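Visitor: Here's a structure for you.
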């Protein structure tokens, strides 16, 4: 329970914030502050601060205009400080991170009496590895024979690369640049940046000669002093995969605030997905002989590592042999594909028995190689221990990142092979498995894929069972008015507390939802596209600020082809510019009094903030049902059907409901906004599920043309 002192602190901070901003309290915002504070206050802990019991998670769906960010911060920050915990605020998008860091948090500190320190946490790949940069410059006169993979230092630095890398070194050495990629004054593409970064396999941590100057560990030091850490969902998942506490605070010492929480399940599923190309992997393995020779030649005491290197050679050959046999069998699978097909999915994720046996042989060989690769890396790292080691420090510093990278790849190959070799646990959500055909300079290369259809068990085991507390929030957490879909996806009990807070906007007075008469069935793509094109050609010339949302590139591009030249000049289609550049161009046109029409796909159905005159009409061409041939979705659908469910009603309709709610949410962004949503899909009227989809939307004035 919250004591009176904490209650007063939260209430007082809210009052001061409102007074300083000249705002009135919002009913929904007050409700959210109270609900989050009450739930966090009910977390019971022992004398050591460890959580006892299970009342530690709450979900709050807060409509647009609620002011949810300030609400959860005001509620959670005083409680976290009082209990000696750290706040981890996790978002799905960079835009919300930037809003938190540059606007919401500074404003909260300035306009309340709350005293706190906040930092943003990023993964290692966002920071310069000084060792990698030094190594690339030192080796620029000759070939870097250790770079066996495309994402390591290029074999030879060209004049432009050399100039760029020297410039980066000068910027960092002079103190003008922190080593954070996001703070660079020049654009740097991933191909140039990735070779200058490290990961936890390659990094030598405190044993590195550049540890005290390391940009990543400097940022880690700042995190240790922070009361509140802003991250993205991917970094939270990466930290949890490493056991928790590797990058961020220990889960047991943290209160997680997941904003944009409707993305967490999808992010988690993607995080645990695996892939491997057979011929590309074989090519990499064939480079090991060359690497082993150079490793021994460069060592000042080859005897220390020679035995391990020699013991690795046979497993490498075994892996190559097993990989070749598997690749040959998969080539037969690819012959079964039609000419236009590039992918073969295994129903229910069940791989044919002979392929499973070949994958098992590969898995056994990779397990041996994995253990020896880890052992070799450990021996080479001993050279970083100074006088206690038999290896020279410089040798170890050069080779640790290289061997660490190889070990990481071997690990991922091993996990993928194990997934294809072994089935899923009875009753558990299955793993989707499929292969993809790629044509390249090596001929046909087969890519194996493995992805869980649900990350619920991972999240339960790694996050919910260990965290001190968590808050999930978004404007769209429920599907068809229920939290059940979300809680099932995330591995939370169905009785987890959930609260829905209505937006303060007057939808009935300021906005309407129209469903025009349409003759075509959206299931017949060509007919529907033709009718949508006719409707847009007739209506768009009358409109000034429009967002048209499509469910496929094919439909969008076909409709663009039908537009006359005058109308086409008004259209800003997705694909030609970045999302931010499109929005900026749109705003500039509206500011000049010119009409502007945005054409976009799913990414424009959320994260687009165009208040006032910048957006008056949102046109949704088709209900946003998922593509039916997605391997993960298809495998999940099979599993649901086998268990007596209805995949369409249990999966597709709830998912479409969430996406549709997000899409219509682009219209009203402030209390004074007004406009119209047009849905060019009569299935909301003609299908049984249609009424449920409409009822889940905000209370627009509805105009259904009959």
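Visitor: Give the angle, between 0 and 90 degrees and rounded to the nearest 10, that separates the Cα long axis of helix 215-224 from the longest principal axis of the Cα atoms of the chain.
Guide: 60
Visitor: Scattering from the C-alpha atoms of the stretch 394-442 alone, worked out with Debye: what is log10 I(q)/I(0) at q = 0.17, 0.22, 0.27 1/Å?
Guide: -0.76, -0.90, -1.01
Visitor: Counting other C-beta atoms within 10 Å, which of 203, 621 has the fewest, and how do the rest follow?
Guide: Sorted ascending by nearby Cβ count, the order is 203, 621.
Visitor: Next up: Based only on other Cβ atoms within 10 Å, what is the fewest-to-most ordering of 323, 360?
Guide: Listing 323, 360 from fewest to most nearby Cβ atoms yields 360, 323.
Visitor: Next question. Over the stretch 411-483, how many percent of alpha carbon pairs lie in each 5 Å bin up to the one with the longest distance?
Guide: Calculated over all Cα pairs of the stretch 411-483, the distribution is 3, 11, 13, 16, 17, 12, 11, 9, 4, 3, 0 percent.
Visitor: Using just the alpha carbons, could you tell me how many Å³ per residue the convex hull of the stretch 1-138 encloses? Write out the running numbers ahead of the final one.
Guide: On the way: hull volume 22.2 nm³, N = 138.
Cα-based convex hull of the stretch 1-138, divided per residue, equals 161 Å³.
Visitor: Using alpha carbon coordinates only, what is the Rg to Rh ratio of the stretch 372-527, with Rh defined as the Kirkwood radius? It would help to have the intermediate numbers written out before the result.
Guide: Values: Rg = 26.2 Å, Rh = 22.4 Å.
We get a ratio of 1.17 for the stretch 372-527.
Visitor: Bin all alpha-carbon pair distances of the chain at 10 Å intervals from 0 and give each bin's fraction as a whole percent.
Guide: Calculated over all Cα pairs of the chain, the distribution is 3, 12, 20, 24, 22, 14, 5, 1, 0 percent.
Visitor: Expressed in nm to one decimal, what extension gain is obtained for the pair residue 670 and residue 552 from 0.36 nm per residue of sequence separation less their Cα-Cα distance?
Guide: 39.5 nm
Visitor: Take every Cα pair under 8 Å in the stretch 273-452 that's 6+ residues apart, average their separations, divide by the length, and report that relative contact order as a whole percent.
Guide: Values: 240 pairs, mean separation 61.4, N = 180.
Across the stretch 273-452, relative contact order equals 34 percent.
Visitor: Sticking with this structure for a sec: Using only alpha carbons, build the gyration tensor for the stretch 640-706 and give me the equivalent ellipsoid semi-axes, biggest first, whole Å.
Guide: Listed largest to smallest, the semi-axes of the stretch 640-706 are 27, 15, 8 Å.
Visitor: Based on DSSP, what percent of beta bridges with both residues in the chain are antiparallel, to the nearest 5?
Guide: 30
Visitor: Right, another one. Which whole-percent values make up P(r) of the stretch 273-452 when all C-alpha to C-alpha distances are grouped in 5 Å steps starting at zero?
Guide: In order of increasing distance, the bins hold 1, 8, 16, 19, 15, 12, 10, 8, 6, 4, 1, 0, 0 percent.
Visitor: Next up: At 222 nm, what helix-only mean residue ellipticity would the chain give, in deg cm²/dmol to the nearest 500, using -39500 (n - 2.57) for each DSSP H run of four or more?
Guide: My calculation for the chain gives -14000 deg cm²/dmol from helical runs alone.
Visitor: If you don't mind, there's one more thing I want to ask. For residue 27 paired with residue 562, estimate the spin-label separation in nm (one decimal), with each label point 7 Å from Cα along the Cα-to-Cβ line.
Guide: 4.5
Visitor: Taking the chain as the reference, fit the longest principal axis to its C-alpha atoms, fit the long axis of helix 631-642 to the helix C-alpha atoms, and give the angle between the two in degrees, 0 to 90, nearest 10.
Guide: 70
Visitor: Would you mind putting 47-55, 470-478 in packing order, based on average other-beta-carbon counts within 10 Å, highest first?
Guide: Values: 47-55: 11.1, 470-478: 23.9.
Answer by packing, highest mean first, reads 470-478, 47-55.
Visitor: Taking neighbour Cβ counts within 10 Å as the exposure measure, how do 340, 201, 438, 705 sort from fewest upward?
Guide: Sorted ascending by nearby Cβ count, the order is 340, 705, 438, 201.
Visitor: State the Cα centre-to-centre distance between the stretch 458-521 and the stretch 1-26 in whole Å.
Guide: Between the Cα centres of the stretch 458-521 and the stretch 1-26 lies a distance of 27 Å.
Visitor: What are the radius of gyration and Dmax of the stretch 507-704, computed over its Cα atoms and given in Å?
Guide: For the stretch 507-704, the Cα-based Rg and Dmax read 17.0, 58 Å.
Visitor: Give the relative contact order (percent, whole number) for the stretch 30-132; include only Cα pairs under 8 Å separated by 6+ residues.
Guide: Contact order relative to length: 22 percent.
Visitor: Percent of alpha carbon pairs in the stretch 613-678 separated by more than 21 Å?
Guide: 41
Visitor: Against the longest principal axis of the chain, how steep is helix 4-21, in degrees 0 to 90 to the nearest 10, with axes from Cα atoms?
Guide: 70
A short reminder: the numbers here are calculations on the coordinates, not readings from a lab. The structure presented is a predicted model; accordingly, all values stated were derived computationally and were not measured. All Cβ positions, even for glycine, are placed from backbone atoms using ideal geometry, and neighbour counts span all protein chains on display.
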